[in-house]
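The values are calculated or read from the model by the stated rules, or taken from the named source; none is laboratory data. No experiment lies behind these values; they were computed from the predicted model shown. So basically every Cβ, Gly included, is an ideal-geometry build from the backbone, and we count neighbours across all protein chains shown.
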Amino acid sequence: MASLAMHVAIANEYCKKNPTVNYKDFLRGSLQPDLVADKNKSHYTITSKTQDVDEVAKNKIGLTEYVKNNTINNDFELGMFLHMVTDYLYYYEYLVKAFKKANLTDLHQAIKAINDDFIRTNGFFVKHYGVDLTQLPENCRDISDEQPILMTFEEIKKFVEYCAGIHLLKFFQSLQNT
């Protein structure tokens with residue numbers, strides 16, 4: 001999953017582009033799927049016994065299943081959908097490629113790299129997107145000066161802008177029709 005700091009940065013950028021969205025409700029929604037006890041359930045994860053890094057990444061976010069079981073009737077729900085889309089794209093579009101680029105085939109090493117990058121990118125989100133880490137749970141506030149392993153800061157900027165520019169309602173509707 002994308003880090004909570006990344007979710008805040010994307011929510012902030014989305015709200016800048018869509019000023020009619022209620023920021024407080026939208027932000028709460030964009031964090032909610034990661035603030036529950038069972039993230040596999042909130043992300044509609046397809047669990048299996050495989051240790052294959054690519055397969056685990058591809059099954060982590062059940063976006064079509066999420067759409068089948070949810071609606072968007074308010075800004076909180078819109079924020080939740082942005083969270084799901086962000087995580088889906090993070091796994092499918094970036095991590096699978098990043099794992100190959102970094103030659104990560106061991107699942108435990110891949111998970112460690114993701115978690116280490118969360119800490120390595122927090123300061124970037126504070127500096128470039130004004131993310132207030134005090135909005136996040138205490139265990140998500142650490143900062144490191146090290147460079148991220150899986151994505152460059154330039155790739156992260158592009159990813160944030162891409163996610164913040166998605167027309168969420170149209171995308172949700174297109175998924176309903178599949």
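Some points to look at:
- Taken over region 107-116, the residue count meeting the criterion of being of a type in the set (A, V, I, L, M, F, W, C), surrounded by 15 or more Cβ atoms within 10 Å (Cβ to Cβ) and farther than 26 Å from Arg28 by Cβ is 3.
- Which listed residue, of Ile61, Ile46, is more than 16 Å from the chain's Cα centre (by Cα), in contact (Cβ under 8 Å) with a residue 12 or more places away in the chain and more than 20 Å from Cys140 (Cα to Cα): Ile46
- Any hit, region 72-85, residues being among the acidic types (Asp, Glu) and closer than 30 Å to Asp25 by Cα: yes
- Asp34 meets the conditions (1) at pLDDT 90 or above; (2) over 24 Å from Gln173 (Cβ atoms); (3) surrounded by fewer than 16 Cβ atoms within 10 Å (Cβ to Cβ); (4) of a type in the set (Asp, Glu) in every case but one. The failed one is (3).
- Residues that are in contact with a Ser or Thr (Cβ under 9 Å, 6 or more places away or on another chain) and not in a helix (DSSP H, G or I) within region 1-45 comprise Met1, Ala2, Ser3, Leu35, Val36, Tyr44, listed in sequence order.
- Residues considered: Leu104, Leu78, Leu95, Leu89. Of these, the only one that is in contact (Cβ under 8 Å) with a residue 12 or more places away in the chain, in a loop (DSSP other than H, G, I, E, B) and surrounded by 16 or more Cβ atoms within 10 Å (Cβ to Cβ) is Leu104.
- From the list Ile72, Ile156, Ile166, the lone residue that is within 17 Å of the chain's Cα centre (by Cα), outside any helix (DSSP H, G or I) and surrounded by 14 or more Cβ atoms within 10 Å (Cβ to Cβ) is Ile166.
- The set of residues from region 24-67 being within 16 Å of Ser3 (Cα to Cα), out of contact with any Pro (no Cβ under 9 Å at 6 or more places or on another chain) and among the polar types (S, T, N, Q) comprises Ser30, Gln32, Asn40.
- Selection within region 1-20 - crowded, with 20+ Cβ neighbours inside 10 Å and β-branched (Val, Ile, Thr): Val8, Ile10
- Output for region 136-153, where each listed residue is more than 16 Å from the chain's Cα centre (by Cα) and assigned to a helix (DSSP H, G or I): Glu138, Asn139
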